[in-house]
Amino acid sequence: MAASMRLMRFGGKKSPYYRIVISDRRFSRGGKFIDQVGTYDPKKNPVEVRFKEEKAIQWLRKGVQPTPTVRQLLIRSGISKKLAEEKAE
C-alpha cells in the first residue's frame with residue numbers, strides 16, 4: 001500500500017482549515033484516511049501548525065511520503081530535522 005502524508009480540507013468557503021492525515025494515495029483528498037497526525041490553520045496570524053510529533057516521526061520511519069506542502073510544514077515545525085538527526089546517529 002502506497003501511503004502519503006497530506007492535507008485534508010475542512011472549513012467553509014474562503015476559510016480553509018486542514019487536518020494533516022496519512023492516507024492511501026488512491027483515495028481522494030476528502031476520502032478515507034488511516035491516521036491523523038496534525039492540523040494546519042493558514043488563516044490565523046501567525047499560521048498555526050500542530051503536529052503529533054511521535055506519530056508523524058513513526059509514520060515517516062515506515063516510509064510514508066509527504067506531499068510538497070506537508071514537507072514544508074514538517075521543515076517549519078522542525079520534525080524533519082529531528083528525523084535527520086535520528087538517522088545520523
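The values are calculated or read from the model by the stated rules, or taken from the named source; none is laboratory data. Quantities reported herein were computed from a predicted structural model and do not represent experimental measurements. Using ideal geometry, Cβ is built from the backbone for each residue, glycine included, and neighbour counts are taken over all protein chains shown. The accessibility values were calculated without ligands, DNA or RNA, using every heavy atom of the protein model including side chains. Shrake-Rupley method; radii C 1.70, N 1.55, O 1.52, S 1.80 Å.
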Item checked: Unmet criterion (only one of (1) touching a helix residue (DSSP H, G or I) at 6+ places or on another chain (Cβ under 6 Å); (2) farther than 24 Å from Leu83 by Cβ; (3) aromatic (Phe, Trp, Tyr)) for Phe51 -> (2)
Next item on the list: Keeping to the range 68-86, report how many residues are in contact with a Ser or Thr (Cβ under 9 Å, 6 or more places away or on another chain) and either open to solvent by 40 Å² or more (accessible area, probe 1.4 Å) or among the small types (Gly, Ala, Ser) (or both).
Entry: 1
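Within the bounds of the range 51-65, is there any residue that is closer than 22 Å to Gly12 by Cα, open to solvent by 100 Å² or more (accessible area, probe 1.4 Å) and out of contact with any strand residue (DSSP E or B) (no Cβ under 7 Å at 6 or more places or on another chain)? Lay out the reasoning, then the answer.
So the first thing to find is which residues in the range 51-65 are closer than 22 Å to Gly12 by Cα, and the list is none.
Scanning the range 51-65, I find no residue that is closer than 22 Å to Gly12 by Cα, open to solvent by 100 Å² or more (accessible area, probe 1.4 Å) and out of contact with any strand residue (DSSP E or B) (no Cβ under 7 Å at 6 or more places or on another chain), so the answer is no.
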Notebook entry, point to check: Does the range 12-37 hold any residues that are without any contact (Cβ under 8 Å) to a residue 12 or more places away in the chain and surrounded by 12 or more Cβ atoms within 10 Å (Cβ to Cβ), and which are they?
Noted result: Phe27
Check: If the Cβ limit is 8 Å and pairs must be 6+ apart or interchain, which residue in the range 63-86 that is among the acidic types (Asp, Glu) pairs with which residue that is surrounded by 13 or more Cβ atoms within 10 Å (Cβ to Cβ) and not in a loop (DSSP other than H, G, I, E, B)?
Finding: Glu86/Ile57
Next item on the list: Being at pLDDT 90 or above and of a type outside the set (A, V, I, L, M, F, W, C) is the filter here, so list the residues in the range 15-30 that pass it.
Entry: Ser15, Pro16, Tyr17, Tyr18, Arg19, Ser23
